[in-house]
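A.B. asks: Let me begin by handing over the structure; questions about it come next.
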Amino acid sequence: MSDSIKKQDYSADNITALEGLEAVRKRPGMYIGSTDSKGLHHLVWEVIDNSIDEHLAGHCDKIDTIIHKDNSISVKDNGRGIPTGMHEKLKKSALEVVMTVLHAGGKFDKDTYKVSGGLHGVGVSCVNALSADLKAEVHRGGKVFVQDYKQGKPVADVAEIGTSDDTGTIITFHPDPEIFEEIVYKYETLSSRMKELSYLNSGLTLTLTDEREVIDGKAKQETFYSEGGLKEFVAFLNESKTVLIENVIHVSGKEENVEVEVALQYNTSYAESIYSFVNNINTREGGTHVSGFRRAVNREFDKYGKDNKLFSKLKDIKISGDDFREGLTAVVSVKVPEPQFKGQTKGELGNSEVTGIVSRAVGDALKDYLEQNPKMARRIIDKVILAATARNAARKAREMVQRKNVLAGGGLPGKLSDCSSKDPVECEIFLVEGDSAGGTAKQGRDRNFQAILPLRGKILNVEKALEHKIYENEEIKSMFTALGVSIVENEGERDLNLEKLRYHKIVIMCDADVDGSHIVTLILTFIFRFMRPLVEAGHIYVAAPPLYQVRKGKQFIYCWNEEERQNAINTYSTSENDQSVKIQRYKGLGEMNAIQLWETTMDPDSRTLRQVTIEDALEADRVFSMLMGDEVPPRRAFIEANAKYAKVDV
Ligand code: 0RA
């Protein structure tokens, strides 16, 4: 045992500390958001955030994460190591204080500029509180120290167990099954965030090892490292697109303790893809940093176009802000000492001073770029002109479609099988992929309140389509008229009119296979981009058809996952290999008859609907625009693995 750490009895300080962590166990949601799979992964981010703070302070360049066979996690860094000396006030090892006192994390070194965290930033003590057991190992000052905990409480004092030439911290923990509904870690969730973190922290090496998956005697492992940081991030995002300008434009600056780093590049698509981060955390709803960025882009290109008299082709067509950013891929990353988050999912930066800071940094850099690269500047301006022209054409096409519908007496699409009720609150519409599944759904439904709209073929890939083409698409037109919603434009701003919405539940129903989940992503992305208020108002759902039916004689059980399938087999089996138990794998909706489809997927008394939240839709959109390049098929698996929706039983 180290000199500075003495055995002690349980003092008042100690009791306060324990109470602190009890609060975390009582209301885990308050500290880590939720106790589902998301909260489970949050524990890993919390530990890694602390290691990244060491990186930001210039003391750490490697973080190794291991998923062990039993779903415990180790995070090892080569930072300074958590201090182990005596904490004067609390009269115990600083390590114990960091691990057992809420928010004790950064209090030791006020000199360090601590920026990671933000949204999380609740400290490793929270991870400790929510772990069945945890081990902290510290290499520091030539020595190795350890302390073990159970449910956040130290099992013994900090012990010195050896010598070491290096410095760093290794945290190993088992998430507590008493707290978490889900305790299986997803490799894909951890790896995609680590890839992102490597771009956001150039020079930092992150490794991920999965000991649950051993190939040729070796555990699965990946290393994430980026030399070029955000520049490489943007190049990666544009990988499957055709770029419009040769190089990625890079911006960095600092003002009033706010650090700004931005990378941007135009491609030939029509979508704007801005990924934004505050203190390494993805701000999916944007905020003041994104506003500042957009403002600078619009202002500088507008000025350049006007100064060089490049807009004369447009005649009386006005350019709107969006036109400047069609085909723009950008990553905006800011480091803010005291970030304020707001919005529905707390995914929006609120600090107002950041707008001007980002706008100035980006404006200065763009001015230089445009001056030095007149050829590239011309290409961008030509694209802006094309965007404005297309938007004008789209408005005309939309107005025409909407007028035609009104002239036709607001006629509903021919292939809509409407319900008899006219009360939107109780009405539901199922958007069903394929005519054959549509037919089954039509037979199986309760026609009093359930309508069916079959959608033929793949909905247009909105990432690649010009807007006026979208309004000419039959499937999309029929969605607008069936739902009773229309787009209205006010001074260049698009809005969705929901006053005549005909159904309060809009249910996307697709096959439970790869193609089905691909189509769900397509439909969701379309809805997110063109009918976003429907998501915000909670009207969008995804149906969950079963994957299996396990049968014995006339009895049967529907199953939605492997575990249920195994349970059902066990229930029916009377011997080791009971041949009378039959398993049917439903590949598509078409394999079910009308009664089965009703019982499993449509009947409000027995179905499971997943409500799509704005966060899910944002994620679908993000995944979608990241993946929908020219090569869709190889990326399908990724879409499937990442298609996730909030699960709400309705
Ligand atoms: C408190 C103070 C210092 C570092 C840390 C905590 C720290 C925490 C974690 C968690 C995982 N890895 C970590 N590495 C460091 C500052 C140390 C100093 O001033 O020497």
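The values are calculated or read from the model by the stated rules, or taken from the named source; none is laboratory data. The structure presented is a predicted model; accordingly, all values stated were derived computationally and were not measured. Cβ placement follows ideal geometry from the backbone for every residue including glycine, while neighbour counts extend to all protein chains displayed.
A.B. asks: Inspect all residues belonging to the stretch 564-573 and state whether any of them is more than 19 Å from the chain's Cα centre (by Cα), in a loop (DSSP other than H, G, I, E, B), farther than 25 Å from residue 588 by Cα and at pLDDT 90 or above.
C.D. replies: Yes.
A.B. asks: Applying the selection to the stretch 551-582, what residues are touching a helix residue (DSSP H, G or I) at 6+ places or on another chain (Cβ under 8 Å) and closer than 16 Å to residue 512 by Cβ?
C.D. replies: Residues satisfying the conditions are 558, 559.
A.B. asks: Return the total of residues in the stretch 416-449 being polar (S, T, N, Q) and part of a loop (DSSP other than H, G, I, E, B).
C.D. replies: Residues flagged as polar (S, T, N, Q) and part of a loop (DSSP other than H, G, I, E, B) within the stretch 416-449 amount to 3.
A.B. asks: Take the residues of the stretch 145-164 that are of a type in the set (S, T, N, Q) and touching a helix residue (DSSP H, G or I) at 6+ places or on another chain (Cβ under 9 Å): which is nearest to the ligand (Cβ to nearest atom)?
C.D. replies: 147
A.B. asks: Only residues in the stretch 458-474 that are over 20 Å from residue 272 (Cα atoms) and at pLDDT 75 or above count as the first member; pair them with residues that are β-branched (Val, Ile, Thr) and in a loop (DSSP other than H, G, I, E, B), Cβ under 9 angstrom, at least 6 apart or cross-chain, and list the lot.
C.D. replies: Taking only residues 6 or more apart or on different chains, the pairs are 473/459.
A.B. asks: Give just the number: which of (1) within 28 Å of residue 340 (Cβ to Cβ); (2) out of contact with any Lys or Arg (no Cβ under 6 Å at 6 or more places or on another chain); (3) surrounded by 22 or more Cβ atoms within 10 Å (Cβ to Cβ) does residue 263 not satisfy?
C.D. replies: (2)
A.B. asks: Regarding residue 388, is this residue of a type outside the set (Asp, Glu), assigned to a helix (DSSP H, G or I) and at negative phi?
C.D. replies: yes
A.B. asks: Output the number of residues of the stretch 549-559 satisfying the condition of being under 15 Å from residue 608 (Cα atoms) and either of a type in the set (Phe, Trp, Tyr) or touching a residue at least 24 places away in the same chain (Cβ under 8 Å) (or both).
C.D. replies: Residues flagged as under 15 Å from residue 608 (Cα atoms) and either of a type in the set (Phe, Trp, Tyr) or touching a residue at least 24 places away in the same chain (Cβ under 8 Å) (or both) within the stretch 549-559 amount to 1.
A.B. asks: While we're on this one: Among the residues of the stretch 56-97 satisfying the criterion of being within 25 Å of the chain's Cα centre (by Cα) and within 10 Å of the ligand (Cβ to nearest atom), which is nearest to residue 160 (Cα to Cα)?
C.D. replies: This residue is 75.
A.B. asks: If you check residue 383 against the conditions, is it part of a helix (DSSP H, G or I), surrounded by fewer than 19 Cβ atoms within 10 Å (Cβ to Cβ) and not hydroxyl-bearing (Ser, Thr, Tyr)?
C.D. replies: no
A.B. asks: Here's another thing I want to ask about it. For the list (1) surrounded by fewer than 23 Cβ atoms within 10 Å (Cβ to Cβ); (2) closer than 21 Å to residue 434 by Cβ; (3) touching a helix residue (DSSP H, G or I) at 6+ places or on another chain (Cβ under 7 Å), I need the number of the one condition that residue 473 fails.
C.D. replies: (3)
A.B. asks: With the stretch 197-272 as the region, which strands (runs of 3 or more DSSP E) entirely inside it contain at least 1 residues that are closer than 30 Å to residue 364 by Cβ?
C.D. replies: So the answer is 249-255, 258-266.
A.B. asks: Related question: Quick check on residue 167: is it of a type outside the set (A, V, I, L, M, F, W, C) and more than 16 Å from the ligand (Cβ to nearest atom)?
C.D. replies: no
A.B. asks: Are any residues in the stretch 90-108 assigned to a loop (DSSP other than H, G, I, E, B), at pLDDT 80 or above and basic (Lys, Arg), and if so, which ones?
C.D. replies: 91
A.B. asks: Show the residue pairs that are 6+ apart or on different chains and have beta-carbon atoms under 6 Å apart, the first residue being within the stretch 65-88 and closer than 20 Å to residue 54 by Cα and in contact (Cβ under 8 Å) with a residue 24 or more places away in the chain, the second being polar (S, T, N, Q) and part of a strand (DSSP E or B).
C.D. replies: 66/74; 66/209; 74/172; 75/65; 77/169; 81/169; 82/169; 84/93
A.B. asks: Same structure again: Select from the stretch 138-152 the residues that are assigned to a loop (DSSP other than H, G, I, E, B) and within 11 Å of residue 99 (Cβ to Cβ) and list them in ascending order.
C.D. replies: Scanning the stretch 138-152 gives a single hit, 152.
A.B. asks: While we're on this one: Examine the stretch 517-534 for a residue that is assigned to a loop (DSSP other than H, G, I, E, B) and within 18 Å of residue 398 (Cα to Cα), and state whether such a residue exists.
C.D. replies: yes
A.B. asks: In addition: Would you call residue 536 surrounded by 13 or more Cβ atoms within 10 Å (Cβ to Cβ) and in contact (Cβ under 8 Å) with a residue 40 or more places away in the chain?
C.D. replies: yes
A.B. asks: Name the one entry in 578, 605 that is over 29 Å from residue 185 (Cβ atoms), charged (D, E, K, R) and either in a helix (DSSP H, G or I) or at pLDDT below 90 (or both).
C.D. replies: Testing whether each residue is over 29 Å from residue 185 (Cβ atoms), charged (D, E, K, R) and either in a helix (DSSP H, G or I) or at pLDDT below 90 (or both) leaves just 578.
Every residue, every condition in (1) closer than 30 Å to residue 485 by Cβ; (2) in contact with a helix residue (DSSP H, G or I) (Cβ under 9 Å, 6 or more places away or on another chain); (3) touching a residue at least 24 places away in the same chain (Cβ under 8 Å); (4) among the basic types (Lys, Arg), yes or no:
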{"position": "363", "(1), (2), (3), (4)": "no, yes, yes, no"}
{"position": "367", "(1), (2), (3), (4)": "no, yes, yes, yes"}
{"position": "375", "(1), (2), (3), (4)": "no, no, no, yes"}
{"position": "381", "(1), (2), (3), (4)": "no, yes, yes, no"}
{"position": "394", "(1), (2), (3), (4)": "yes, yes, yes, no"}
{"position": "402", "(1), (2), (3), (4)": "yes, yes, yes, no"}
{"position": "413", "(1), (2), (3), (4)": "yes, yes, yes, no"}
{"position": "435", "(1), (2), (3), (4)": "yes, no, no, no"}
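A.B. asks: Okay, next question. Since residue 501 meets every condition but one in (1) of a type in the set (A, V, I, L, M, F, W, C); (2) touching a Pro at 6+ places or on another chain (Cβ under 7 Å); (3) part of a helix (DSSP H, G or I), which condition does it not meet?
C.D. replies: It is condition (3) that residue 501 fails.
A.B. asks: Here is a further query. Against the condition away from the ligand (no atom under 13 Å from the Cβ) and modelled with pLDDT of 95 or more, how does residue 40 come out, does it pass?
C.D. replies: The answer is yes for residue 40.
A.B. asks: Hey, another quick one. Report whether or not residue 49 is under 26 Å from the mean Cα position of the chain (by Cα) and either part of a helix (DSSP H, G or I) or at pLDDT 95 or above (or both).
C.D. replies: When the stated conditions are applied, residue 49 passes them.
A.B. asks: So, in the stretch 59-84, of the ones that are of a type in the set (Gly, Ala, Ser) and farther than 19 Å from residue 218 by Cβ, which residue ends up surrounded by the fewest Cβ atoms within 10 Å (Cβ to Cβ)?
C.D. replies: 72
A.B. asks: Condition check: more than 27 Å from residue 34 (Cα to Cα), within 22 Å of the chain's Cα centre (by Cα) and not hydroxyl-bearing (Ser, Thr, Tyr). Does residue 186 satisfy that?
C.D. replies: no
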